[in-house]
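Notes to accompany the following structure.
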Number of protein chains: 4
Amino acid sequence: MIITMSVSAERKDIQNVKSKVEELGYATKLFQGERKTVIHVIGVTEREKLMKAVESMPGVENLVPILRPFKMASREFHPENTVISINGKKIGNKEIVVIAGPCAVESEENYLEIAELVKAAGANFLRGGAFKPRSSPYSFQGLGEKGLEIMAKAREKTGLGIVTEVVSEVDVPLVFKYADVFQIGARNMHNFHLLKTVGRFNKPVMLKRGMSATIEEWLMSAEYILSEGNPNVFLCERGIRTFERYTRNTLDISAVPVIDNLSHLPVIVDPSHASGDSKYVCALAKAAIAAGADGLMVEVHIDPSRALSDGKQSLKPDVFMELMQDLKKVAQAVGRTL
Amino acid sequence: MIITMSVSAERKDIQNVKSKVEELGYATKLFQGERKTVIHVIGVTEREKLMKAVESMPGVENLVPILRPFKMASREFHPENTVISINGKKIGNKEIVVIAGPCAVESEENYLEIAELVKAAGANFLRGGAFKPRSSPYSFQGLGEKGLEIMAKAREKTGLGIVTEVVSEVDVPLVFKYADVFQIGARNMHNFHLLKTVGRFNKPVMLKRGMSATIEEWLMSAEYILSEGNPNVFLCERGIRTFERYTRNTLDISAVPVIDNLSHLPVIVDPSHASGDSKYVCALAKAAIAAGADGLMVEVHIDPSRALSDGKQSLKPDVFMELMQDLKKVAQAVGRTL
Amino acid sequence: MIITMSVSAERKDIQNVKSKVEELGYATKLFQGERKTVIHVIGVTEREKLMKAVESMPGVENLVPILRPFKMASREFHPENTVISINGKKIGNKEIVVIAGPCAVESEENYLEIAELVKAAGANFLRGGAFKPRSSPYSFQGLGEKGLEIMAKAREKTGLGIVTEVVSEVDVPLVFKYADVFQIGARNMHNFHLLKTVGRFNKPVMLKRGMSATIEEWLMSAEYILSEGNPNVFLCERGIRTFERYTRNTLDISAVPVIDNLSHLPVIVDPSHASGDSKYVCALAKAAIAAGADGLMVEVHIDPSRALSDGKQSLKPDVFMELMQDLKKVAQAVGRTL
Amino acid sequence: MIITMSVSAERKDIQNVKSKVEELGYATKLFQGERKTVIHVIGVTEREKLMKAVESMPGVENLVPILRPFKMASREFHPENTVISINGKKIGNKEIVVIAGPCAVESEENYLEIAELVKAAGANFLRGGAFKPRSSPYSFQGLGEKGLEIMAKAREKTGLGIVTEVVSEVDVPLVFKYADVFQIGARNMHNFHLLKTVGRFNKPVMLKRGMSATIEEWLMSAEYILSEGNPNVFLCERGIRTFERYTRNTLDISAVPVIDNLSHLPVIVDPSHASGDSKYVCALAKAAIAAGADGLMVEVHIDPSRALSDGKQSLKPDVFMELMQDLKKVAQAVGRTL
């Protein structure tokens, strides 16, 4: 940690900060620049505590951490890629995984039909929401346990693993019974109780990025899960909020190589929620694979115009089928398989 | 609801959309513009359902809602201001309320001392966190029930009501026992289960704006609470996330008059979290009152450099005392009291 | 254009708006919804004038345009792709173009060397700045005409066309003499005098997206150039400003398919300025091609650590050489050539 | 400047960076932390050059400047407030200045009438655009020199100084002849040629903040003007671009105290462009004064519904008159006069 003192800091201000830091058990070194003094703190173990202790002291202008705040999620401390095995498939490997299905589970018949179709197209996992976090209290909120049961049936029929969102810590044990992967949605990336709860269960977690979360905060949320003992976390970029209005969110494609540089955790991309428009999903899916993503999560619906949620962003089965063929070529072009 | 068809929409596309809308029970009128056809839907009661039904049909370019999505929170349906009575004080009235105290409750001695000080300065409510949502799992997470007990003691001594955050639906009944106002923090503005839970309790709720929430989404979150039967909701603007880096967030001061125009719910401002820097808190507090806010939430700490959380943004007691005097003058200048 | 009247609009407010619109020569139709009245205006030719005329009239709540504001740039009015021929190469075609070179022209020797290298790697155009718009007055501002002369020499030696930025309308005739493509930089996307000036010259223009410009504004800036008579405009996405800090900007990869949907103009991507970090350039370049971009602009420098500007984001020649090989494979995977 | 080396940096990487820095003439000190090495560079005079030289060297992770990039605009080097005298009025003093008038000059009769009215209400300067930067080429672009002549007549009649925008370096001498203050608009904050040109004239400059400019970049643009020899610069906050849609921009009210802390230059606020809606202008104007702004720029129009540009955000004369009375009270409440 580096502490920059302001131009107007007095000798006693500097001395006070130095003493406070040493009181906390750290060694310091002082630099007298031409206009400002800088205090170097060595071997910080409790970064937050140190920051709180000095940031409002007289004369302190700025604090600059040298080490990153995430540890277990960091490649600095864990150089090899994490590879997660789920239901016989691996995420984080050379092979790219595709999670597909409708936004919400709406009926058994419908869901089983779409499950067979996405399997035939080559998808590796089924998605589907039984609990939907909706911004309006007047919108369809999901079928609940009934939805989970339908997904379990679809797994039985197709052999594909199930990825489904859990929106409340209370529901974690219930979802655990049915799902192969816990999905933590964008709106819950900062729901730390929920993160800790899934961190205590022995089941992989797909952590979506919050709507306006920095990559650093996202990795800190992964850290919450990891630090509770669950090492099987993968990340899902789904677009961030900007001023642009032709797409629902702005897909931060750079997050893929940035995560790959900072962390050993796998990262996938959700082009459906990122764009909010099926017209743009295929282009973004191909871009994600080309950028190095370990997988995709794509919404597919038999009849998007009858979907109870997010119909506009769902692909029709034939479009998805064609996309899968195109993705195979892109995967091959970047040395991966699908 | 207005449905715009694209330039290339064919006659049968238009007919299909018209039929689908009428199937849902709404009357339609068609406009043939010079290049595009527009379909007007009358008397929409289930907006989301209608949108999902048509947005992905062939030829549909765009949907424009005519009514706002929030109803119970809207001034269109409830023209008079909501005034909330809490512990003998009113929010939403001519009188401005000030909620003050440290970010987190750290120790009994400390908290009681600061409680007496902010009361002496003229504050109306005490703030303090017993459950802290922290972005790092390695940060101080709050004292839990012990913290609530300390706040209750402070209320006993000072007579000031208690505003404290609840971060998990599981804790709602516990916090209900101690608090006068449930605080829903920015990170939980989209935690719909938590919103519904506090909506079922008979206790005022202060709803902070999510870090990147639009005003419309914020009012939709209020709608979640209102629609469960709890009418006593007030809003707290605490800054939104932008690219600017000299402040932690960007205080959206315009939210004050915008909310006043759109909704009957009271709105207050938190200049401490918005700026993240005590140097800027007083200027922003005065601006908030001048803009028409119904109150303020300000962090005050006896010794900010010893605070376990957010010390940098806390005011010292003497600065707060002076601020309260300044605020009285600004309140008077805009026809309010404090 | 659709005019929504507020719930509280009175009969005479509606009548006044109707009369004002008709005075401007447009036919109107009224809809009486259940709570609000909507006025439909037919065949709007002067949109801005109409908006100004009615937007502040009593009772007016909102105006919704039905047609897009850009005309000459719109695919609605010009369905086929624009293909631009420059120095024997075509942009907007099946073949992908690559513009490469250093950020700034620094010395003749250096520039000629890098020009030969990027040609050998397969680039189609040379980039290089003679006039640099720098946010600090204390930074290197470019060699001016001397830089243009060096670029002309490099063209002579390599046969590659020259893309270079013009930052002032005064310099347009000078840059015209040397360049094959005028580059309008992000900071000048809203410099309308400059746009009009290059619109009057018979030379292709590469228009970069402004740092916080919406896609609609970007296309309106293209419209400025097109409406002066120059049809040879192509767009360059270079990242937008968001809250994320691990990359200098956020590459809006979705802009590629969105532009392709809205406009007939070619669009290329600049992964170097978007990320600001050579570690991420190759992943983003591949993503751009996979998303359907018509080309790339990539910074390459012989010795990035000696560059006078933007060294951190420049690729070394051997990395660029390898990237070109990788890009060929991705191009082929999406049915393009390079 | 502090250079952080990555965890994986080797001894020779560190040595190379050290040598490169010393080659540039600076002394260095090394810190060996527990995981990372930090190189401290002393007395940096050419910051950009140093950054370019080392940022892409092997093993370099991050560079942290210790001094701010702006010098002449910084309070660190110029502690007292700058006070600018214009046409007998002072900006940056205890007295708050108000600049008022229509967005564009539309006709002589109209302009003279509004000039008399805003003078009667107590405004100190007249605003009005003769050259309008419009995002659509099909919008009204201003009257040009004819508009400047009308403004000069209004000054003659009212005695109020004239603030008007210059959008092209070519027009600077022309605008110089008529105006009392050069306005640099948001879209030109990064037009460095224009900044340098007005920096060479002996006339005050009002520099608006770019739509997505950070405060640091804004001060760097002021630095461009100051470094050319013109010390009379004041800043105008006019809202930044965010995701919020109920206001045209988001007024960054915090910019007022932040600028006051970082710089000696006066800062005013433009609530009209910030909100884009006359409903919100008065609340924001009062907030600006309460936050410590040195002045306001407010749009006033005799008949906003007939304005050729930005009618929706213009106040009617009677509303402006009332606002001026309210502002006097707020000014007094914060120890200023108006």
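The values are calculated or read from the model by the stated rules, or taken from the named source; none is laboratory data. The structure displayed is predicted, hence computed values, not measured ones. Neighbour counts run over all protein chains shown; Cβ positions are idealised from the backbone, glycine included.
Against the conditions (1) of a type outside the set (Val, Ile, Thr); (2) at pLDDT 80 or above; (3) touching a strand residue (DSSP E or B) at 6+ places or on another chain (Cβ under 9 Å), where does D:Glu76 fall short? Just the number, please.
If we test D:Glu76 against (1) of a type outside the set (Val, Ile, Thr); (2) at pLDDT 80 or above; (3) touching a strand residue (DSSP E or B) at 6+ places or on another chain (Cβ under 9 Å), just (3) comes out false.
Mind counting the residues in region B:116-166 that are among the small types (Gly, Ala, Ser), closer than 30 Å to B:Lys329 by Cβ and either in contact with an Asp or Glu (Cβ under 8 Å, 6 or more places away or on another chain) or within 14 Å of another protein chain (Cβ to nearest Cβ) (or both)?
1
Can you find even one residue in region A:273-292 that is touching a His at 6+ places or on another chain (Cβ under 9 Å), surrounded by 24 or more Cβ atoms within 10 Å (Cβ to Cβ) and in contact (Cβ under 8 Å) with a residue 12 or more places away in the chain?
Scanning region A:273-292 turns up no residue that is touching a His at 6+ places or on another chain (Cβ under 9 Å), surrounded by 24 or more Cβ atoms within 10 Å (Cβ to Cβ) and in contact (Cβ under 8 Å) with a residue 12 or more places away in the chain.
Report, by residue number, each residue of region A:34-83 that is basic (Lys, Arg) and at the interface with chain B (Cβ under 9 Å from one of its Cβ atoms).
Correct list: A:Arg47, A:Lys49, A:Lys52, A:Lys71.
Condition check ((1) among the acidic types (Asp, Glu); (2) in contact (Cβ under 8 Å) with a residue 40 or more places away in the chain; (3) under 22 Å from B:Arg336 (Cβ atoms)) across all residues:
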residue	(1), (2), (3)
B:Ser85	no, no, yes
B:Val97	no, yes, yes
B:Pro102	no, yes, no
B:Leu117	no, yes, no
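Report yes if A:Val319 is more than 12 Å from chain C (Cβ to nearest Cβ) and of a type outside the set (Asp, Glu), otherwise no.
yes
Among the residues of region C:177-236 satisfying the criterion of being of a type in the set (Phe, Trp, Tyr) and within 9 Å of chain D (Cβ to nearest Cβ), which is surrounded by the fewest Cβ atoms within 10 Å (Cβ to Cβ)?
The extreme case among them is C:Phe192.
Which condition from (1) in contact (Cβ under 8 Å) with a residue 40 or more places away in the chain; (2) surrounded by fewer than 24 Cβ atoms within 10 Å (Cβ to Cβ); (3) under 25 Å from D:Lys49 (Cβ atoms) is the one that C:Phe131 breaks?
Going through (1) in contact (Cβ under 8 Å) with a residue 40 or more places away in the chain; (2) surrounded by fewer than 24 Cβ atoms within 10 Å (Cβ to Cβ); (3) under 25 Å from D:Lys49 (Cβ atoms) one by one, C:Phe131 breaks only (2).
Quick check: is even one residue across region D:14-26 more than 13 Å from chain C (Cβ to nearest Cβ) and touching a Lys or Arg at 6+ places or on another chain (Cβ under 7 Å)?
Checked region D:14-26: no residue is more than 13 Å from chain C (Cβ to nearest Cβ) and touching a Lys or Arg at 6+ places or on another chain (Cβ under 7 Å).
Which numbered condition trips up C:Phe140, out of (1) more than 17 Å from C:Ile162 (Cα to Cα); (2) among the hydrophobic types (A, V, I, L, M, F, W, C); (3) at pLDDT 90 or above?
(3)
Condition check ((1) more than 15 Å from the chain's Cα centre (by Cα); (2) at pLDDT below 95; (3) part of a loop (DSSP other than H, G, I, E, B)) across all residues:
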| residue | (1), (2), (3) |
| --- | --- |
| B:Asp260 | no, no, no |
| B:Leu265 | no, no, yes |
| B:Ala283 | yes, no, no |
| B:Ala293 | no, no, yes |
| B:Leu296 | no, no, no |
| B:Glu299 | yes, no, no |
| B:Ser309 | yes, yes, yes |
| B:Val319 | yes, no, no |
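So B:Gly229 clears everything in (1) of a type outside the set (Phe, Trp, Tyr); (2) closer than 27 Å to D:Ser278 by Cα; (3) outside any helix (DSSP H, G or I); (4) out of contact with any Phe, Trp or Tyr (no Cβ under 9 Å at 6 or more places or on another chain) except one condition, right? Which one?
With (1) of a type outside the set (Phe, Trp, Tyr); (2) closer than 27 Å to D:Ser278 by Cα; (3) outside any helix (DSSP H, G or I); (4) out of contact with any Phe, Trp or Tyr (no Cβ under 9 Å at 6 or more places or on another chain) applied to B:Gly229, the lone miss is (2).
Can you find, within region D:244-269, the residue that is surrounded by the fewest Cβ atoms within 10 Å (Cβ to Cβ) among those that are more than 7 Å from chain B (Cβ to nearest Cβ) and closer than 30 Å to A:Arg248 by Cα?
Filtering region D:244-269 for residues that are more than 7 Å from chain B (Cβ to nearest Cβ) and closer than 30 Å to A:Arg248 by Cα, the one surrounded by the fewest Cβ atoms within 10 Å (Cβ to Cβ) comes out as D:Arg248.
Which condition number in (1) free of Cβ contacts under 8 Å to residues at least 40 places away in the same chain; (2) within 13 Å of chain A (Cβ to nearest Cβ); (3) among the acidic types (Asp, Glu) is the one that C:Asp326 fails?
(1)
Restricting to region C:194-226, give me the number of residues that are within 24 Å of C:Asn249 (Cβ to Cβ), hydrophobic (A, V, I, L, M, F, W, C) and assigned to a loop (DSSP other than H, G, I, E, B).
Residues meeting the conditions: 2.
Does region D:1-20 hold any residues that are without any contact (Cβ under 8 Å) to a residue 40 or more places away in the chain and of a type in the set (D, E, K, R), and which are they?
Within region D:1-20, D:Arg11, D:Lys12, D:Lys18, D:Lys20 qualify.
Where residues in region C:42-70 are surrounded by fewer than 17 Cβ atoms within 10 Å (Cβ to Cβ), in contact (Cβ under 8 Å) with a residue 24 or more places away in the chain and in a loop (DSSP other than H, G, I, E, B), which of them is farthest from the chain's Cα centre (by Cα)?
Checked region C:42-70; the qualifying residue farthest from the chain's Cα centre (by Cα) is C:Pro58.
Which pairs turn up if I take residues in region A:21-36 that are within 11 Å of A:Ala53 (Cβ to Cβ) and look for partners that are hydroxyl-bearing (Ser, Thr, Tyr) with beta carbon separation below 6 Å, at least 6 apart in sequence or on another chain?
Once the first residue is within 11 Å of A:Ala53 (Cβ to Cβ) and sits in region A:21-36, its partners that are hydroxyl-bearing (Ser, Thr, Tyr) give A:Val21/A:Thr28.
Restrict the check to region C:184-192 and report whether at least one residue is β-branched (Val, Ile, Thr), farther than 25 Å from D:Phe243 by Cα and out of contact with any helix residue (DSSP H, G or I) (no Cβ under 9 Å at 6 or more places or on another chain).
No, the conditions are met nowhere in region C:184-192.
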